[in-house]
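For reference, the structure discussed in these notes is given below.
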Amino acid sequence: MRRCLKIFVDEIWLEISGGRGGDGAVSFRREKFVPRGGPDGGDGGDGGSVYLEADPSRQSFLDLRYRRRQKAPHGANGGPKRRQGRRGSDLVIPVPPGTLVRDEKGGLLADLTSPGQRVRAAAGGTGGRGNSRFATSRHQAPRHAEKGLPGEELKIYLELKLLAQVGLVGFPNAGKSTLLSRITTARPKIADYPFTTLTPQLGLVEMESGESFVVADLPGLITGAHRGAGLGHRFLRHVERNLLLLLLIDLSPEARPDPVEAYRGLIEELTLYSKGLADYPRVVVGNKRDLTGTEENLALLRRAVEEEEGAPAGVFGISAATGASLKELLHFLAGEVARLSALPPARPAEAVIRPGPVEEDNAFVVEKEGGVYRVRGLRIERAAARTDFDNEESLRRFQRYCRRCGLEKELKRMGIEAGDTVTIGEEEFYYEA
Ligand SMILES: Nc1nc2c(ncn2[C@@H]2O[C@H](COP(=O)(O)OP(=O)(O)OP(=O)(O)O)[C@@H](O)[C@H]2O)c(=O)[nH]1
Ligand SMILES: [Mg+2]
């Protein structure tokens, strides 16, 4: 599906978390007559990630209402004989196409429009390495293994915006709202004065064949709309999000501008707004054919359209009020929607706005509050999360890391004393000189 106009219709919060990575194993080979073989602890499996995927079989967030917390499975721990822990399977949450994914602060993480588009919303934690990975010629029997990292946890905000395939474009009073109310269950305000419709309205057309498509009634355009005049200009930017534009033209003899001027005026406003709109898929429809004096105008309009578009272009003559020729029009629209949605997108699908995992960063900051030193930093927090503090060798390894990365020096500079508390991420320690 190409980019389509979206109107906000639903919203929901979810709390999601990636699975924890499995721990690496500490284990030694057992062989006959060999008292203690080499290290053979396997790696932990990665935790599963949580994905959101645009699934056309979903129309709303209804089935997520009672499943606000979703977790991907953990990775399994590594085992002896270098056995790798099983990785946690990914959790895929289906959402309707047209879903915007935002973070807690409202920042856009993803815009899922085409079926099958996916975004990884919460990454699983990576598994820890087993002790077999830490053997060196100098240290042949390491008892150190890494713990698996926790998965990402976050609260996300989903917004559903309906996608419209057909956009109604016309001057005020052309009968756009009347047409929408006639062909869909939408009930927009209809009146014989211009600018009755102030915000885009959507309606679903359901064909007898079972096909359906969404039509958007956009506020009326006026001359100068591309420069920001009138109400319609704010919605011009949405026009490109439809598959097909329906230019609706008032055929009545009293219509101002007259049908030919209206047609040329609409094309001009669209083209002046954006060059790409000049040859955007469109169909021209003359309305109010039930009124007297409209046949002549329809003929004039046909001629003008043929001149402009070159080939003998079809112009529909309808009456939104009586329903005349609406069946033929809908049949044509359904065919065009099917044809155009099968085309490859004009632009590459823009699914993922979310930046990838942050680059490893050696930097850390220490804040002092009373006797507590709070350490923050991606790498140091990871190193702490990776460490099994009950394992003597792992602990020593972590202490060496703290020395190497300059944390210990920094703590001393800040005046740390034995017995003070140091927190690194989720872990808490007592400082020993
Ligand atoms: N005779 C006749 N009148 C129509 C027809 N379609 C719409 N009208 C009338 O034209 C007037 C404007 O109709 P709307 O549907 O409100 O027009 P609109 O294009 O939505 O207008 P804005 O929202 O103001 O831009 C109303 O009085 C309608 O009853 C039609 O097919 N025949
Ligand atoms: Mg209207």
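List of remarks:
So that you can scan it fast, the table gives a plain yes or no per residue for (1) modelled with pLDDT of 85 or more; (2) hydrophobic (A, V, I, L, M, F, W, C):
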site: 246; (1), (2): yes, yes
site: 250; (1), (2): yes, no
site: 274; (1), (2): no, no
site: 278; (1), (2): no, yes
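- When the residues of the range 130-140 are filtered to those that are touching a residue at least 24 places away in the same chain (Cβ under 8 Å) and out of contact with any strand residue (DSSP E or B) (no Cβ under 6 Å at 6 or more places or on another chain), the one that is nearest to residue 47 (Cα to Cα) is 130.
- Yes/no for residue 122 being of a type in the set (A, V, I, L, M) and within 16 Å of ligand 2 (Cβ to nearest atom): no
- Residue match in the range 218-234 (condition: within 12 Å of ligand 2 (Cβ to nearest atom), surrounded by fewer than 20 Cβ atoms within 10 Å (Cβ to Cβ) and at pLDDT 85 or above): no
- Residue in the range 335-357 that is farther than 30 Å from residue 110 by Cβ and at pLDDT 90 or above present: yes
- The range 301-332 - residue that is in a helix (DSSP H, G or I) and modelled with pLDDT under 90 and, of those, farthest from ligand 2 (Cβ to nearest atom): 307
- The residue that is farthest from ligand 2 (Cβ to nearest atom), among those in the range 181-217 that are under 29 Å from the mean Cα position of the chain (by Cα) and polar (S, T, N, Q), is 212.
- Top-ranked residue of the range 161-185 - restricted to ones that are more than 19 Å from residue 198 (Cβ to Cβ) and not hydroxyl-bearing (Ser, Thr, Tyr), ranked as nearest to ligand 1 (Cβ to nearest atom): 182
- Residues (β-branched (Val, Ile, Thr) and either within 15 Å of ligand 2 (Cβ to nearest atom) or at pLDDT below 90 (or both)) located in the range 155-169: 169
- Among the residues of the range 368-411, the ones that are closer than 18 Å to residue 26 by Cβ, part of a loop (DSSP other than H, G, I, E, B) and without any contact (Cβ under 8 Å) to a residue 24 or more places away in the chain come to 1 in all.
- Any pair with Cβ under 8 angstrom, 6 or more apart, that starts in the range 328-347 at a residue that is assigned by TED's automatic domain parsing to the domain that holds residue 314 and farther than 14 Å from residue 167 by Cα and ends at one that is modelled with pLDDT under 80 and surrounded by fewer than 12 Cβ atoms within 10 Å (Cβ to Cβ): none
- Identity of the residue in the range 170-180, near ligand 2 (Cβ under 10 Å from one of its atoms) and among the hydrophobic types (A, V, I, L, M, F, W, C), that ends up nearest to residue 268 (Cα to Cα): 174
- Of the residues making up the range 75-129, those that are of a type in the set (Lys, Arg) and either touching a strand residue (DSSP E or B) at 6+ places or on another chain (Cβ under 7 Å) or in contact (Cβ under 8 Å) with a residue 24 or more places away in the chain (or both) are 81, 82, 83, 86, 87, 102, 118, 120, 129.
The values are calculated or read from the model by the stated rules, or taken from the named source; none is laboratory data. This one's a predicted model, so the numbers in the text were calculated from it and none came from an experiment. We place every Cβ from the backbone using ideal geometry, glycine too, and count neighbours over all the protein chains shown.
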